[in-house]
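Enquirer: Provided herewith is a single structure, encoded as structure tokens, for subsequent inquiry.
The values are calculated or read from the model by the stated rules, or taken from the named source; none is laboratory data. Everything numeric in this text was worked out from a predicted model, so none of it was measured. In this analysis, Cβ positions are derived from the backbone assuming ideal geometry, glycine residues included, and neighbour counts consider all displayed protein chains. Surface areas here come from the heavy atoms of the whole protein model, side chains and all, with no ligands, DNA or RNA. Shrake-Rupley method; radii C 1.70, N 1.55, O 1.52, S 1.80 Å.
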Amino acid sequence: MPRINRIGILTSGGDSSGMNAAIRAVVRTAIFHNVEVFGICRGYEGMIDGQFEQMYSHSVSNIIQRGGTMLKTARSKRFMEREGRDQAYTNLKNFEIDGLIAIGGNGTFTGAGIFDEENDFPIIGLPGTIDNDLYGTDATIGYDTAINTVVEACDKIRDTANSHDRLFFIEVMGRDAGFIALRSGIAVGAEFILVPETTTYIDNFTRLLRHDWRRNKTSGLVIVAEGDDCGGAYAIAKQVKERLPEMDTRVTILGHIQRGGSPTAYDRVLASTLGYEAVNALLEGQRGVMVGIIDNKVTFTPFEKAIKHHKDVNHQMLEMSRILAL
Ligand code: F6P
């Protein structure tokens, strides 16, 4: 196995809090092993454009507590084309980079898998997305911070909902997955949680709402994952209003505040551990895998499995949330 002397690191796709802590861990672990590190700016876009800069221990000082990503990120269309990937490979070779650490989600690992197949290039992935929709890890970097942001916002909305006897529909991120909605919904005692993993039957839903209000509920929170089949918070609020015009409803879209902010302690520790493990794995000859943590144990999942294997929300917890809100 040829020794790896120089690695590249990039963040790609939607940013998530804790990415900086992961970059810090990768840079410092690599330097500890006498491996040089090059930061690649703007994900695969920067890899195609040759935006590489050497990183040192001091380059990652004072970033563990910061949200976003110091390397910037992008969703690269050009990397989906062979021409873009060939250009990226040429740049890596010119910089004598022999291994890569890619922090991101589904799109990032899809690109990484194709790139390795075409160029025989060792890549290790770190799960960085607020959505927590990757198989092979209990939590992704940024998920915990996003949930805590949602909880803080919903607690505030609860105050005003209660004062005005209103029903709020609060839309949270998660275009394909309901992990943020479920966990934050339980934490705020939401009356209903609507996720893409289950079908929302509008008539059934309004029947339950009417039932709750007859039992003297006067206000409530409905957490709606953006990818729910009802079409999002505005769409469901409209349908409810048509059926229950007497209800005073409001909609809040939490949006990108979920992606930023100082990472929680949980995310900082997770990102630090995964960054450290990723470098060690790369130097030991692992490749084409995502590093994750399951039941407190470090695990390595092939990219294809991490992307394609379905990680389902916990349906028992969904059921529990409804019982606890009665
Ligand atoms: O994948 C993370 C995510 O935050 C999703 O939850 C959301 O649907 C999407 O990114 C939004 O992406 P963008 O910031 O590119 O609009």
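Enquirer: Would you be able to tell me the number of residues in the range 15-40 that are surrounded by fewer than 20 Cβ atoms within 10 Å (Cβ to Cβ), assigned to a loop (DSSP other than H, G, I, E, B) and either within 16 Å of the ligand (Cβ to nearest atom) or without any contact (Cβ under 8 Å) to a residue 40 or more places away in the chain (or both)?
Expert: 1
Enquirer: Follow-up. Within the range 74-89, does at least one residue satisfy the condition of being in contact (Cβ under 8 Å) with a residue 24 or more places away in the chain, outside any helix (DSSP H, G or I) and within 23 Å of Ala281 (Cβ to Cβ)?
Expert: Within the range 74-89, not a single residue is in contact (Cβ under 8 Å) with a residue 24 or more places away in the chain, outside any helix (DSSP H, G or I) and within 23 Å of Ala281 (Cβ to Cβ).
Enquirer: Can you find a residue in the range 95-107 that is open to solvent by 30 Å² or more (accessible area, probe 1.4 Å), more than 20 Å from Lys305 (Cα to Cα), of a type outside the set (Asp, Glu) and at pLDDT 95 or above?
Expert: Yes, the range 95-107 has at least one match.
Enquirer: Of all residues in the range 56-69, count the ones that are under 20 Å from the mean Cα position of the chain (by Cα), over 8 Å from Met19 (Cβ atoms) and not small (Gly, Ala, Ser).
Expert: 4
Enquirer: Evaluate the following for Glu83: is it more than 17 Å from Pro302 (Cβ to Cβ), at pLDDT 95 or above, surrounded by fewer than 18 Cβ atoms within 10 Å (Cβ to Cβ) and away from the ligand (no atom under 16 Å from the Cβ)?
Expert: Taking the combined requirement at face value, the residue satisfies it.
Enquirer: Condition check: part of a loop (DSSP other than H, G, I, E, B), open to solvent by 50 Å² or more (accessible area, probe 1.4 Å) and more than 25 Å from Val37 (Cβ to Cβ). Does Asp155 satisfy that?
Expert: Spelling it out, it is not the case that Asp155 is part of a loop (DSSP other than H, G, I, E, B), open to solvent by 50 Å² or more (accessible area, probe 1.4 Å) and more than 25 Å from Val37 (Cβ to Cβ).
Enquirer: Being without any contact (Cβ under 8 Å) to a residue 40 or more places away in the chain and open to solvent by less than 60 Å² (accessible area, probe 1.4 Å), is that true of even one residue in the range 284-292?
Expert: The answer is no, given that none of the residues of the range 284-292 is without any contact (Cβ under 8 Å) to a residue 40 or more places away in the chain and open to solvent by less than 60 Å² (accessible area, probe 1.4 Å).
Enquirer: From the list Gly220, Gly231, which residue is surrounded by fewer than 21 Cβ atoms within 10 Å (Cβ to Cβ) and either among the small types (Gly, Ala, Ser) or within 29 Å of the chain's Cα centre (by Cα) (or both)?
Expert: Sole residue among the options that is surrounded by fewer than 21 Cβ atoms within 10 Å (Cβ to Cβ) and either among the small types (Gly, Ala, Ser) or within 29 Å of the chain's Cα centre (by Cα) (or both): Gly231.
Enquirer: State yes or no: is Arg158 within 14 Å of the ligand (Cβ to nearest atom) and in contact (Cβ under 8 Å) with a residue 40 or more places away in the chain?
Expert: So Arg158 fails the test.
Enquirer: So which residues in the range 238-250 are in contact (Cβ under 8 Å) with a residue 24 or more places away in the chain and open to solvent by 40 Å² or more (accessible area, probe 1.4 Å), if there are any at all?
Expert: Gln239, Arg243, Asp248, Arg250
Enquirer: Also: What are the pairs with Cβ atoms under 8 angstrom where one residue, in the range 117-133, is at pLDDT 95 or above and among the aliphatic types (A, V, I, L, M) and the other, located anywhere, is in a loop (DSSP other than H, G, I, E, B) and more than 16 Å from the ligand (Cβ to nearest atom)? Sequence gap at least six, or different chains.
Expert: Qualifying pairs under 8 Å: Ile123/Arg287; Ile123/Gly288; Ile124/Gln286; Ile124/Arg287.
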